[in-house]
Amino acid sequence: MKPHRNRIKTSASIMAAAVLLVSPVASAGGLMVWEIGTPTLGTAGAGWAAMPEDASTAYTNPAGTVWRDDTEIMASGQLMYGHLDFSDGGQSNVPGNDGGNAIEWFPGGGFFAAGRLTDSVGWGFAMAGNMGGVLDYDNDWKGRRFVTDVSLIGMSLLPSLSWKASDCLSLGLGLNIMGGYYKYESRPRAGLLGGDARLKYDDTDVAFGANLGVIYKPTATTTLGLSYTSKVDWEFRDDLRLRDFGPLFSLLVSRLNGARTDIDMDVPQTVTLSLQQRLSAVTTLYANVNWQEWSEFGFIGFQIDNPDQTSATINREYDDTWHGALGIRHQYSAGALQGWSLSAGIGYDSSMEDLNSRTADLVVDKTWRLGLGARKELCPGLRLDVGYTLAWVGDPNIDQSGRPPFSPRLQGSYDDYSLNFFGASVQFEL
């Protein structure tokens, strides 16, 4: 942190390493999601970095783009619907309602293209977002002293090249051009007589990183994928906006209202290892394991509970997380499902938060994922995939307290916290 005059500068770094697959909008153990509308919706993310036959490999593993005979293009879309309702535990001390459903409908998806320049050199391009979270509470809810609205959204453009080193090995390198949007808003107490003030901050930024990948096919039925994405450093800069504070905070408002505020935030560094194993001519197994170093991540949230406070920096202590997923796909050659492939998968993410570190602007916990999907070749060179993933978080508890003199407290739980992802993709060959 480098504070001077009326400037708040906060640094945070995220590393997420995946041993067999990685990567919410606050839906899993961290802030990265597996769901971008691609066929991995139907396997709960399993096989993420080991599907070189999909154009989406341009996003998940750039080394896969060279493994094709024709140029392939995929467009995906999805809708996410969440259920995140706060239930008061009886010890919250700010009057108000329970905040409503903080996560409702949210769109997503992407565009992917992959092809070959020569027999041994491939190219790829991808556009998708799988980083961030959006929470929108009622303005008069019991946790408004901490947050009413927060958004952190990342979108990546990924041009890449790949090289087939041998008949069983390829390498890939891509540039990650990543745009980010950060917004934070809360309703601090206005003064001794109560009432709500307002604190707001928002900005966008574009930063750069690198993607590396390896595809290894030791046999005709086995594909291993390894991908690495480097850290991306966002620097958000905007004027902090304070409004409707009482006389008790006049000094703070005069110092901070309109002050240029810088927030440095590092998007995760990740390592991903995935498996695709063909069990028979019609059945394929997918698997993932990952590790994410969320202990290196600090997330920004402003709290103004002390009139002598002139800067706000919150470095939260999070835990490293791990993830595992297993999926299967089976193609039917007869009966009512002839021509269709059906898939299913299950995954688990541990939590980066516990009760001591959980705050109302970032609600994550251990998460189970269940994926279901269907695939059909509509005609030669044109393929349709549809998928659904349920991310079940459960009932994470929260007990967040603010600073004197007012010492707001939010105590309770988020019951039956879940996310539902509905998506589809179309891939065709040129």
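Just a few scattered comments:
- For the range 119-154, a residue qualifies if it is within 24 Å of Ser418 (Cβ to Cβ) and hydrophobic (A, V, I, L, M, F, W, C), and the qualifying residues are Ala128, Met131, Val134, Leu135, Trp141, Phe146, Val147, Val150, Leu152, Ile153.
- The condition of being of a type in the set (S, T, N, Q) and under 27 Å from Arg68 (Cβ atoms) holds for only one of Thr359, Thr389, that being Thr389.
- Residues that are in a loop (DSSP other than H, G, I, E, B) and of a type outside the set (Asp, Glu) were ranked within the range 100-121; the one that is surrounded by the fewest Cβ atoms within 10 Å (Cβ to Cβ) is Thr118.
- Val253 surrounded by 18 or more Cβ atoms within 10 Å (Cβ to Cβ), of a type outside the set (Phe, Trp, Tyr) and not in a strand (DSSP E or B): yes
- Which listed residue, of Val282, Val271, is farther than 18 Å from Lys183 by Cβ, in contact with a His (Cβ under 9 Å, 6 or more places away or on another chain) and of a type outside the set (S, T, N, Q): Val282
- The range 126-148, residues that are in contact with a Phe, Trp or Tyr (Cβ under 9 Å, 6 or more places away or on another chain), assigned to a strand (DSSP E or B) and crowded, with 20+ Cβ neighbours inside 10 Å: Ala126, Ala128, Asn130, Gly132, Trp141
- Test: residue in the range 410-418 that is among the charged types (D, E, K, R), surrounded by 15 or more Cβ atoms within 10 Å (Cβ to Cβ) and over 19 Å from the mean Cα position of the chain (by Cα): no
Computed from the coordinates by the stated procedures, all read-outs in this text should not be read as laboratory data. Predicted model only: the values in this text are computed from it and were never measured. No Cβ is skipped: glycine too gets one built from the backbone with ideal geometry, and neighbour counts run over all protein chains shown.
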